[in-house]
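K.L.:
Structure in structure tokens, see below.
What follows is calculated from the coordinates using simple rules that are stated; it is not laboratory data. The shown structure was predicted, so the numbers you read here are calculated from the model rather than taken from an experiment. Please note: Cβ atoms are built from the backbone with ideal geometry, for glycine as well, and neighbour counts cover all protein chains shown.
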Amino acid sequence: MTHPDILTMEKLGYLPPESAPHKIGYCLYCDEPLFEGDTELTESTDGMFCSMDCCHEYYEIRHI
């Protein structure tokens, strides 16, 4: 019996990091990939945005 990390190293040649962020989608406005744990991630009823600025641009909200 061999440790799973050793089997993975033998198969891939490297050990993939477990802490790598997972892609959860794309920004509805600029099509930028969104990753789990993004601090500026904004969600609306229509979808997700990479920032509040993209959300405002998508809905054409102006700052006064």
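K.L.:
Considering only residues of the stretch 16-64 that are surrounded by 15 or more Cβ atoms within 10 Å (Cβ to Cβ) and either touching a residue at least 60 places away in the same chain (Cβ under 8 Å) or aliphatic (A, V, I, L, M) (or both), which is nearest to residue 4 (Cα to Cα)?
P.N.:
34
K.L.:
Report, by residue number, each residue of the stretch 17-64 that is of a type in the set (A, V, I, L, M) and assigned to a strand (DSSP E or B).
P.N.:
Correct list: 24, 34, 48.
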